[in-house]
Each structure stands twice: as structure tokens, then as C-alpha cells.
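**Student:** To start, I am sharing the structure in question, which I have written as C-alpha cells.
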Amino acid sequence: MEAPPVTVMPVTGGTINMMEYLLQGSVLDQALDSLLHRLRGLCDNMEPETFTDHELVYLLKGQQGNPFILRARRSLSHPTAPWHLRYLGQPEVGDKSRHALVRNCVDVATSHSLPEFLNEMGFRMDHEFVANGHIFRKGAMKVVVTKLSRILVPGNTENIERLSLSYLVELSVLAPAGQDTVSEDMRSFAEQLKPLVHLEKIDPSKQRH
Amino acid sequence: MGRVPGALQQTVDLLHKKLEQLGALKQQGNFSVDCETYHATATASGQPSKLLYVMHNSETPLSCMALFEGGPCLVADANFDVLMIKLKSHFQNAKGHKVECRGWKYRYSDFSIKVGTVTMNSSARGISAEVEYCPCVVPGDCWNLMKEFMQSFLGSNVPELPSVFTVKPEGLFAPSDCIDTMTQYLELFNKLRKLQMPGSNIRV
């Protein structure tokens with residue numbers, strides 16, 4: 001079949017231009033219990049929620065420019081749940097007055113054929129890891145406390161080794177673009193977690209070694 | 001949506017009439033199935049890539065189905081459409097290849113029937129007839145019954161057993177799902193796309 005003409009994209013469904021507002025920090029393993037205790041007190045009253053996920057990071061390399069990155073996540077504790085596919089844009093630059101990192105975000109729930117489908121699209125798995133931990137919510141805010149583990153044998157999520165002696169702490173909100181009051185709420189919440197954890201605006205592109 | 005040429009519209013009307021004569025009831029609302037075609041702009045390996053089809057069906061309004069012809073399929077939520085926009089430097093949409101199918105729904109006892117007009121780039125290309133026997137999800141257990149029912153309004157135009165079932169390792173006895181339905185629509189769309197239809201390029 002001849003190559004079809006190139007035109008502008010149409011959109012049928014979905015939510016356009018959702019942004020993730022993010023603050024990150026970490027605590028040592030020894031401090032986990034006191035942090036969880038504090039979070040239980042501050043966050044919405046809900047059943048303690050834990051998770052164990054397997055995340056695969058896929059790259060699509062074009063002829064030029066940076067590779068396109070997609071993250072595919074599946075729950076190991078709920079194997080029948082849909083897979084979660086996530087696109088994260090580059091952090092927005094410029095606005096120094098904003099208290100949180102802001103980046104474009106597309107979340108898609110998918111069927112279990114995702115890895116095979118991404119491969120067919122030309123994506124290749126770059127790295128994978130296991131993330132387990134605790135989730136808390138306060139209104140629209142989400143707090144995730146995660147232990148990251150590397151996978152020793154590719155694809156085998158049983159055979160893992162913890163990456164460090166600390167937990168990653170992330171405070172995030174998903175909101176349509178332009179709702180910058182969100183970052184104010186996040187800052188005041190982060191203040192309440194001090195000195196147990198210092199949540200900061202961290203630019204992931206500056207972390208590469 | 002484009003206007004439907006007289007001959008096609010007559011056939012659609014005839015099918016509706018036959019269904020109503022059988023005693024089938026027209027359902028509230030209509031149905032639609034659409035299909036966008038994407039092609040990879042360049043692959044790292046330099047190999048030609050297959051076309052990627054992204055489809056929607058009004059029967060599953062929160063889902064988006066992505067298919068490679070003969071390859072893996074993905075069922076996702078509607079945000080997949082947004083993701084395709086992000087991917088536009090890698091996958092380009094062939095707008096001229098957009099296919100849509102719209103029409104009415106009928107119900108005859110346990111059968112659900114959808115007769116639609118297939119338009120490609122606003123020009124009518126053909127007619128689709130979807131028949132579902134709702135109480136059963138195993139095609140092999142109801143194919144003969146469906147065939148007999150289809151004969152009652154399609155006459156000699158009853159299709160062969162859809163290949164989507166014959167190519168499965170479990171054959172006819174694996175439950176069918178929304179991907180099986182969409183694969184059949186895609187096959188129909190691709191067949192109609194290749195048809196030469198002089199004089200049918202009517203635009204709104």
C-alpha cells in the first residue's frame with residue numbers, strides 16, 4: 001500500500017493536556033515507620049494501601065532527537081488488573097516561582113498484550129524494576145512511598161535486589177494545565193512532613209550521570 | 001458524514017425493510033465504528049513497518065482498540081488517542097484514510113443486528129451488516145444458527161465463517177471478544193478501501 005498523506009492528528013477521546021505536579025524526596029529505611037505514621041495522621045482516612053508493581057521502561061528511537069520514552073507498569077499483587085502505560089513529558093522550564101516540577105502526563109489503562117504491542121510499534125525495553133510500597137491520599141494529592149529493586153534475571157520479578165537503603169517519597173497531583181494553585185497546596189503539605197522528609201522540586205533531566 | 005449514493009441507500013433501505021418484515025425492532029440511537037490509519041515515519045532498523053490502526057466502537061465508548069494487521073492488538077482507554085498525538089513524530093496519521101461506519105441497530109429476539117454505511121474520507125464505500133447472537137460467546141456453538149438467521153435477510157450474500165475464528169489455535173471454540181469484532185470491521189474496511197468505485201466521490 002502506498003504511504004498515506006501526512007496530516008494533522010485528530011482526537012476522538014481522552015483528556016488532553018493533563019499535567020503532573022511533582023515533589024520528590026527520600027528517607028532511610030530506619031525512618032520509614034515514623035514517616036508512615038505521620039502520613040497516616042495527615043492523609044485522608046482510608047485503609048492502608050500497599051502495592052507491588054513491575055515497571056518496564058521502553059524506548060523508541062527515531063532517526064534523530066531523543067528517544068521517545070514510555071513506561072509500562074503492571075501490578076504483581078493484582079495480576080488481572082489492567083496494565084498502566086504512562087507518557088511523561090519534559091519538565092516545564094522557566095517558572096521559577098512554581099513550587100513543584102510540572103510535566104505533561106498521559107495515563108492509559110491497557111490490556112495485557114501491551115509488551116508485545118509496544119514491541120511491534122518499534123519500542124524496545126530499556127530497563128525494568130520492581131517497585132513496592134505504600135500509597136496515601138489527601139484530596140487530589142497522592143503520596144507514594146516506594147522501595148525500588150533491581151531485577152537480577154531479566155523478566156523474573158521473584159529474583160530481585162533492593163537498589164538502596166532508602167525509600168523514594170513522591171507527592172504528586174494530576175491537574176489540567178494552568179492550575180498552579182495546586183503547587184501551593186503541595187508546598188504546604190510538604191512543610192508538614194518536615195523534618196521527616198524534605199520534598200523538593202527535582203529535575204530528572206539533571207540527574208543523569 | 002458524506003451523502004450516500006442512491007444505490008447504496010436503496011440497499012440499506014431494503015435491508016431495513018426486510019429486518020422489519022421479520023419482526024426486528026429498531027433500537028434507540030445509532031452505532032458507529034471508526035478507524036484511523038497510522039504509519040511509522042522511520043524505523044531505527046530501516047525495515048518497512050506495518051500500518052497501525054486505531055479504532056473506536058460506540059458499543060464500547062470508553063475504549064480504544066489498536067491493531068496491527070495480523071499482529072498484536074491492544075485494548076486501551078480513550079487516552080490512547082492522546083498518546084498517539086504525543087507520538088506524532090514517530091507515527092503519522094493518514095487522515096485521507098479515515099474510515100467510518102454508521103447506521104442503525106436492530107434487535108430480533110436474541111440477535112443484535114447493525115446495518116451501517118461505510119464512508120471513507122466522506123465518500124460512501126459500501127454497506128456493513130453486523131450480526132451478533134447475544135446469548136453465546138463461542139462462535140462454533142452458534143455459527144449454523146447465525147447463518148440461517150442471516151439468510152433470512154441477506155439471502156445468498158451470507159458471508160463465509162469469519163477468518164478471525166478459523167485462524168485461532170482453538171478455532172471456533174475460543175470465546176470471541178471486542179477485538180474479534182474490530183478485526184472483522186478492519187478486514188471489511190480494507191476490502192472496501194481497495195475497491196474502485198467510480199462516481200462515488202461525493203463530498204459534503
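**Student:** Return the carbon/sulfur percentage of the accessible area of the protein assembly as shown, one whole number, probe 1.4 Å, all protein chains in place. Before the final figure, lay out each step's value.
**Tutor:** Details: 11010 of 21680 Å².
Carbon and sulfur together cover 51 percent of it.
**Student:** A further question follows. Could you work out Rg/(2.2 N^0.38 Å) for the stretch B:33-93, with Rg from alpha carbons only?
**Tutor:** Relative to the rule-of-thumb radius for its length, the stretch B:33-93 sits at 1.14.
**Student:** How large is the dipole of chain A about the Cα centre if only Lys and Arg carry +1 and Asp and Glu carry -1, each at its Cβ, rounded to the nearest 20 debye?
**Tutor:** Numbers: 22 positive and 25 negative charges, 77 e Å.
Computed about the Cα centre, the dipole is about 360 debye.
**Student:** In the Gaussian network model of chain B, springs joining C-alpha atoms below 10 Å, which of B:K114, B:K168, B:K147 carries the largest mean-square fluctuation?
**Tutor:** B:K168
**Student:** Moving on. Could you give me the ³J(HN,Hα) list for the stretch A:84-92, computed from phi with Karplus coefficients 6.51, -1.76, 1.60 and θ = phi - 60°, whole Hz, x at Gly and Pro?
**Tutor:** Here the 3J(HN,Hα) series is 10, 10, 9, 10, 10, x, 5, x, 5 Hz.
**Student:** Using a simple charge model, +1 on the beta-carbon of Lys and Arg, -1 on the beta-carbon of Asp and Glu, nothing else, what dipole does the stretch B:57-189 show about its Cα centre, in debye to the nearest 20?
**Tutor:** Details: 11 positive and 15 negative charges, 128 e Å.
So the dipole magnitude of the stretch B:57-189 works out to roughly 620 debye.
**Student:** Could you tell me which residue out of B:V131, B:T166, B:N30 lies farthest along the dipole of chain B toward its positive end? Charges go on the beta carbon: Lys and Arg +1, Asp and Glu -1, centred on the Cα centre.
**Tutor:** Farthest along the dipole direction, towards plus: B:N30.
**Student:** With a 10 Å radius around each residue's Cβ, average the other Cβ atoms per peptide and rank A:69-80, B:29-40, highest first.
**Tutor:** On the way: A:69-80: 14.5, B:29-40: 19.1.
Put in order of decreasing packing, that is B:29-40, A:69-80.
**Student:** Using only the C-alpha atoms of the protein assembly as shown, find the volume of their convex hull and express it per residue in Å³.
**Tutor:** Working: hull volume 78.8 nm³, N = 413.
Once divided by residue count, the hull of the protein assembly as shown is 191 Å³.
**Student:** Provide, for q = 0.09, 0.11, 0.18 Å⁻¹, the log10 of I(q)/I(0) from a solvent-free Debye sum over equal Cα point scatterers in chain A.
**Tutor:** Cα-only, vacuum Debye calculation for chain A: -0.41, -0.61, -1.57.
**Student:** Using the structure shown, list the pairs from A:K147/A:K194; A:K61/A:K147; B:K17/B:K114; A:K138/B:K86; B:K95/B:K147; A:K96/A:K142 with a Cα-Cα distance above 25 Å, or answer none.
**Tutor:** Details: A:K147/A:K194 20 Å; A:K61/A:K147 29 Å; B:K17/B:K114 13 Å; A:K138/B:K86 30 Å; B:K95/B:K147 36 Å; A:K96/A:K142 23 Å.
Beyond 25 Å between Cα atoms: A:K61/A:K147; A:K138/B:K86; B:K95/B:K147.
**Student:** Please identify which residues in the stretch A:154-180 have an amide N closer than 15 Å to a label point set 7 Å out from the Cα of A:I16, following the Cα→Cβ vector.
**Tutor:** Answer for the stretch A:154-180: A:176-178.
**Student:** Also, I was wondering about something else. Among the aspartates and glutamates, which have Cα under 20 Å from the Cα of B:K105 when same-chain residues fewer than 8 positions away are ignored?
**Tutor:** B:D13, B:E20, B:D34, B:E59, B:E130, B:E132, B:E148, B:D177, B:D180
**Student:** Taking the Cα centre of chain A as the origin and placing charges on Cβ (Lys, Arg +1; Asp, Glu -1), which of A:L70, A:V145, A:L114 is farthest toward the positive end of the dipole?
**Tutor:** Selected residue: A:V145.
**Student:** Grab the DSSP H runs of chain B that are 4 residues or longer, score each as -39,500 (n - 2.57), total them, divide by all residues and round the 222 nm result to the nearest 500 deg cm²/dmol.
**Tutor:** Values: 5 runs with 62 residues, N = 204.
About -9500 deg cm²/dmol.
The values are calculated or read from the model by the stated rules, or taken from the named source; none is laboratory data. Note that this is a predicted model, so its numbers are computed, not measured. Quick reminder, even Gly has a Cβ in these numbers, built from the backbone with ideal geometry, and neighbours come from all protein chains shown. To get the accessible areas, we keep the full protein, side chains included, count just its heavy atoms, and leave off ligands, DNA and RNA. Shrake-Rupley method; radii C 1.70, N 1.55, O 1.52, S 1.80 Å.
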